[in-house]
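Participant: For reference, the structure I am asking about is given below.
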Amino acid sequence: MIDLVPTAIYKYKEETVELIPGEGPHSTDGSTQQISEVVTNAGGIDRDKPSEHNDTSLGHLRARLTTLHDEINIFLTSRMKGGNSGDSDDVERRVLDGDDDDNESDEV
């Protein structure tokens, strides 16, 4: 069986972060991709919950991609909340604040 390992690279200014899913275990049931706890507590059922992955190269890749997706979501959420950087000019914060048009003029 071929061992396929996906990676993601985040680049901003001088910073480069490479995200690689670890040794596992990996699952297709991602922690950041489920229905909200509020809905679950109210009796909601996740009807879109994914099936388990097959024991094949592509099945294991699918599970690793879910893990990588979770890691990306956690990393970017941390960046938006100001973690991992003391840079007050974070692009994520500027986008959320609606101040991402630094070079554009307000004149018409």
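The values are calculated or read from the model by the stated rules, or taken from the named source; none is laboratory data. Only a predicted model underlies this, so the values are computations on that prediction, with no experimental measurement involved. Here the Cβ positions follow ideal geometry from the backbone for every residue, glycine too, while neighbour counts run over all protein chains shown.
Participant: List the residue pairs whose Cβ atoms are under 6 Å apart, where the first residue sits in region 10-32 and is closer than 14 Å to ALA63 by Cα, the second is of a type in the set (S, T, N, Q) and in a loop (DSSP other than H, G, I, E, B), and the two are 6 or more positions apart or on different chains.
Facilitator: From residues that are closer than 14 Å to ALA63 by Cα, the pairs are ILE20/THR7.
Participant: Continuing with the same structure: Looking at (1) within 14 Å of the chain's Cα centre (by Cα); (2) surrounded by fewer than 17 Cβ atoms within 10 Å (Cβ to Cβ), which is the one condition that is false for ASP55?
Facilitator: (1)
Participant: Also, quick follow-up: It is to be established whether one or more residues within region 95-102 are out of contact with any Phe, Trp or Tyr (no Cβ under 9 Å at 6 or more places or on another chain), surrounded by 10 or more Cβ atoms within 10 Å (Cβ to Cβ), at pLDDT below 90 and of a type outside the set (D, E, K, R).
Facilitator: yes
Participant: For THR16, which of the numbered conditions (1) loosely packed, with under 11 Cβ neighbours inside 10 Å; (2) in a loop (DSSP other than H, G, I, E, B); (3) at pLDDT 85 or above fails to hold?
Facilitator: The failed condition is (2).
Participant: Here are some residues: ASP70, ASP46. Which one is among the charged types (D, E, K, R), surrounded by 11 or more Cβ atoms within 10 Å (Cβ to Cβ), free of Cβ contacts under 8 Å to residues at least 60 places away in the same chain and not in a loop (DSSP other than H, G, I, E, B)? Steps first, answer last, please.
Facilitator: On the way: ASP46 fails: not in a loop (DSSP other than H, G, I, E, B).
Answer to the check: ASP70.
Participant: Does region 33-43 hold any residues that are exposed (fewer than 13 other Cβ atoms within 10 Å of the Cβ) and either among the hydrophobic types (A, V, I, L, M, F, W, C) or modelled with pLDDT of 85 or more (or both), and which are they? Break it down stepwise before answering.
Facilitator: Just the residues of region 33-43 that are exposed (fewer than 13 other Cβ atoms within 10 Å of the Cβ), to begin with: 36-43.
Residues satisfying the conditions are VAL38, VAL39, ASN41, ALA42, GLY43.
Participant: Okay, next question. Consider LYS49 carefully, then state whether it is modelled with pLDDT under 90 and of a type in the set (D, E, K, R). So that I can check it myself, show each step before the final result.
Facilitator: On the way: modelled with pLDDT under 90: yes; of a type in the set (D, E, K, R): yes.
Answer is yes for this residue.
Participant: Checking ARG79 against (1) surrounded by 14 or more Cβ atoms within 10 Å (Cβ to Cβ); (2) over 14 Å from the mean Cα position of the chain (by Cα), which single condition isn't satisfied?
Facilitator: Failing condition for ARG79: (2).
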